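The values are calculated or read from the model by the stated rules, or taken from the named source; none is laboratory data. These numbers come from a predicted model, not from an experiment. No Cβ is skipped: glycine too gets one built from the backbone with ideal geometry, and neighbour counts run over all protein chains shown.
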Amino acid sequence: MRVLNHPILGDETRQFNATIIVDGKQIQAIEGEPIAAALLSAGIKKFRETQKNHKPRGIFCAIGRCTDCVMTVDGVPNVRTCITPVRDGMIISTQKGLGKWGIER
Amino acid sequence: MTQKTGVIYQGFPSEDELSRIPGMPSEERIKKGSVACIECAQEIPCNPCEEACPYGAITVGKPITNLPKLDQDKCIGCGLCIAACPGLAIFVVNGSKEKAEVSFPFEYYPLPNKGDEMDCVDREGNMVVKGKVLRIVKPPKYDATAVITVEVPMEHLKTVRSIKRLGRSDR
Amino acid sequence: MKTTDIAVIGAGPAGLSCAVEAARAGAQVTVLDENLKPGGQLFKQIHKFFGSREHKAGIRGFRIGQQLLEETEKLGVEVLLDAAVYGIYEDRLIAYITDGKDHTIKAKKIVMATGASENALAFPGCTLPGVMGAGAAQTMINVNRVLPGQKIIMVGSGNVGLIVSYQLMQAGADVLALIEAAPKIGGYGVHAAKIRRAGVQIYTSTTIKEVLGEEKVEGVIAVNLDEKWQQVTGTEKHFNADTVCLAVGLSPLTELAWMAGCEFTFIPSLGGHVPIHDRNMETTLKGIYIAGDITGVEEASSAMEEGRLAGVACAESLEYYDENKALELKNQIWDRLDALRTGPFGEGRFTAKLKQLDARRQLA
Amino acid sequence: MNEEYICRCEEVTRKEIEEAIADGATTLAGIKRRTRAGMGLCQGRTCQRLITQMLAKALDPAEIKPPTSRPPVRAIKIGEIVEGEYE
């Protein structure tokens, strides 16, 4: 959920100027915000499944250290979504295990 | 298990701690009119309250970990210190009228409106009594901290310290 | 290859304060930061800072960040963003990646101000989506303006746990409870008082037994701890939470200092193994300085003072300041640092920092 | 009950680390070689401290030194170094 008004920071003034496609679904986002923030705003918490035990993972450190939030972005696996900015038209998919190169259609 | 009291156990100063710190006014002073209650019970490095007071009623001095000392005769209860305290630990009370007035800092959305009857809470967030909002002050120099004044029955002057956040469904 | 007088690694409160101070003396300063935006963790600090009013106490953290950035710009400090330093080599050669390419910069002085990272905590279910660092949640609400969840359990009652709990409520979430393994609250009472009067219970001597859920957090079971820190069966409490935030301390980010070859000392209260430094913030390697949380975890106000100190010291050793002028400035900073390290919360850090300086003297 | 993972990347549980310590591991490297803890994508940045705490139950924490730091200390792509500029 987005924080549209805030007692200290004031009202959100940024425009929802980007659309990203996550597992085939369109999501409105803000150009330049981390991919992870855009996903969270759409209620998506599970970003990938682990290699060994197929367990769900999501945001953990949010500063690019823990690598829990990696996804396949525009055909590139293991992209840290917490520090990778949104660009309009990005194609993102939930990563299974170590991920595969290339965009799955 | 009996709950230990005091700020390091409960997260707010106990009656006993409040009675021993130099930031609290006397009963007599409270009855005379608006006055600050500086509920700052730990020696932390902080002194913006000292400068915020235009009447020189608050002294921290050096080292800046000293507890703020209130000069209750200089204090007129203007409330400028309320928004200046980074710990939001300063309140203003007035016991000179029929009903008590309590002013406190408030940094949540939404804000109440003047005249609203609000759920007034104590230091633990427990509902104490309904109280009427008399004033909401939020000038730019407070930098987004609102100072709200509510009117409550006199017996709650020392317990009411905030209002419930608005727009929350009961848990 | 680029060259500069002073290369500062990290554009957080310590790094930027250092850059401003050194540039003011006339030095050429280059700041490198791996993030896309400068400011480090300052821009997620939306509360008014403590400290001395001469030094920005009472001002909200993100505004201090804005002021520092304006000053760096005015003074002509070069700030390289998206520049991840991955190695420091002989003769103060720094290797970094920017724009997907490898670069090097050679500096007369290096200041490492790399900050700290959040500690993790393990319990059954700790990897479920919805369990995250308190700092991660703080970044989401205050920088990205997205709520990580609606019903939060905060773990840890240090200042980070207390402040982030408060800020989660300001952003519109509910904090169901704050739990703390120790028998008392770790952070400032005034921060605790803010969330208490908002109705948040603080459970001391309590830990997480298990986080429930298959695909994400769907509940939390907390349990009491006895005096030996063992879980007491039968004291379990269930919370209907969707998010768990971990505020269980920070560790200095010291990899670069290890790699550069700085000598370390072990001081648990500062976060473990920390680089040894002298009164000027210089490490055991000549010309390499440190400032802020990398020297041992404290808070933003002390990080900024240490940054200023390193800035003055670098400027002095490059002869932008004479000894007297430098000493005058350093005395002021030392006084302020001492003031920040007094009182029940500061004394421990004061002693720890003395120990760190002693380690330097013993080596000399 | 959900698993208690210490190394999140390589999915190493508390039990596996305890077994490695019982097996005679006294260093972070020893545990790493036995369990792969710390060898995943994040290179021990999250679990190192947790494992140090577990080791510290039997050893002096001051003696548990972090493993040697070698470049790159940040997560970067090999291609970024290979394609680097040479001056």
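One line per residue, one yes/no per condition, for (1) in a helix (DSSP H, G or I); (2) farther than 27 Å from A:ARG48 by Cα; (3) in contact (Cβ under 8 Å) with a residue 40 or more places away in the chain; (4) of a type in the set (Lys, Arg):
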| residue | (1), (2), (3), (4) |
| --- | --- |
| C:ILE185 | no, yes, no, no |
| C:VAL190 | yes, yes, no, no |
| C:ALA193 | yes, yes, no, no |
| C:THR207 | no, yes, yes, no |
| C:VAL220 | no, no, yes, no |
| C:ASN224 | no, yes, no, no |
| C:VAL244 | no, no, yes, no |
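For region C:185-229, the candidate set comprises residues that are in contact with a helix residue (DSSP H, G or I) (Cβ under 7 Å, 6 or more places away or on another chain) and of a type in the set (A, V, I, L, M, F, W, C); within that set, the residue that is nearest to C:GLY51 (Cα to Cα) is C:ALA192. Within 13 Å of chain C (Cβ to nearest Cβ), free of Cβ contacts under 8 Å to residues at least 60 places away in the same chain and either out of contact with any Lys or Arg (no Cβ under 9 Å at 6 or more places or on another chain) or part of a helix (DSSP H, G or I) (or both) - does that describe any residue in region B:142-149? Within region B:142-149, one or more residues are within 13 Å of chain C (Cβ to nearest Cβ), free of Cβ contacts under 8 Å to residues at least 60 places away in the same chain and either out of contact with any Lys or Arg (no Cβ under 9 Å at 6 or more places or on another chain) or part of a helix (DSSP H, G or I) (or both).
Output the residue which, of all residues in region C:195-205 that are over 13 Å from C:MET154 (Cα atoms) and assigned to a loop (DSSP other than H, G, I, E, B), is farthest from the chain's Cα centre (by Cα). Looking at the filtered set, the residue picked out is C:GLY199.
Of all residues in region C:333-350, those satisfying the criterion of being without any contact (Cβ under 8 Å) to a residue 60 or more places away in the chain and not basic (Lys, Arg) are C:ILE333, C:TRP334, C:ASP335, C:LEU337, C:ASP338, C:THR342, C:GLY343, C:PRO344, C:GLY346, C:GLU347, C:PHE350. Every test in (1) among the hydrophobic types (A, V, I, L, M, F, W, C); (2) farther than 24 Å from C:LEU246 by Cα; (3) over 10 Å from the mean Cα position of the chain (by Cα) is passed by A:ILE92 save one, and that test is (3). Among the residues of region C:137-162, those identified as under 21 Å from the mean Cα position of the chain (by Cα), under 26 Å from C:ALA182 (Cα atoms) and buried (at least 23 other Cβ atoms within 10 Å of the Cβ) are C:ALA137, C:GLN138, C:MET154, C:VAL155, C:GLY156, C:SER157, C:VAL160, C:GLY161, C:LEU162. Quick one: is B:VAL133 surrounded by 16 or more Cβ atoms within 10 Å (Cβ to Cβ), over 14 Å from the mean Cα position of the chain (by Cα) and either within 12 Å of chain C (Cβ to nearest Cβ) or modelled with pLDDT of 95 or more (or both)? Criteria met by B:VAL133. For region A:34-98, the strands (runs of 3 or more DSSP E) that sit wholly inside it and include 2 or more residues that are surrounded by fewer than 20 Cβ atoms within 10 Å (Cβ to Cβ) are A:76-80.
Within region D:4-19, being buried (at least 21 other Cβ atoms within 10 Å of the Cβ) and either in contact (Cβ under 8 Å) with a residue 24 or more places away in the chain or hydrophobic (A, V, I, L, M, F, W, C) (or both) holds for D:ILE6, D:CYS7, D:ARG8, D:CYS9, D:GLU10, D:VAL12, D:ILE17.
Tallying residues that are farther than 11 Å from C:CYS245 by Cα and part of a strand (DSSP E or B) within region C:125-176 yields 3. Quick check: is even one residue across region B:112-121 surrounded by 17 or more Cβ atoms within 10 Å (Cβ to Cβ), modelled with pLDDT of 95 or more, within 14 Å of another protein chain (Cβ to nearest Cβ) and in a loop (DSSP other than H, G, I, E, B)? Yes - at least one qualifying residue is present in region B:112-121. Scan region D:53-68 and give yes if some residue there is crowded, with 19+ Cβ neighbours inside 10 Å and not aliphatic (A, V, I, L, M), otherwise no. No, because not a single residue in region D:53-68 is crowded, with 19+ Cβ neighbours inside 10 Å and not aliphatic (A, V, I, L, M). Applying the condition of being closer than 12 Å to A:ILE21 by Cα and not polar (S, T, N, Q) to region A:75-103 and asking which residue is nearest to the other protein chains (Cβ to nearest Cβ) yields A:VAL86.
The set of residues in region B:27-80 being among the charged types (D, E, K, R) and within 11 Å of another protein chain (Cβ to nearest Cβ) consists of B:GLU39, B:GLU43, B:GLU50, B:GLU51, B:LYS62. The residue that is nearest to D:GLU18 (Cα to Cα), counting only those in region C:98-148 that are more than 7 Å from every other protein chain (Cβ to nearest Cβ) and without any contact (Cβ under 8 Å) to a residue 24 or more places away in the chain, is C:THR98. Exactly one residue among A:ASP68, A:ASP74, A:ASP23 is under 23 Å from C:MET132 (Cα atoms) and modelled with pLDDT of 95 or more, and that residue is A:ASP68.
For B:GLY61, the conditions (1) surrounded by fewer than 21 Cβ atoms within 10 Å (Cβ to Cβ); (2) in a helix (DSSP H, G or I); (3) small (Gly, Ala, Ser) all hold with the exception of (2).
For region C:329-336, indicate whether the set of residues that are at pLDDT 95 or above, within 23 Å of C:LEU16 (Cβ to Cβ), of a type in the set (A, V, I, L, M, F, W, C) and outside any helix (DSSP H, G or I) is non-empty. The answer is no; no qualifying residue exists.
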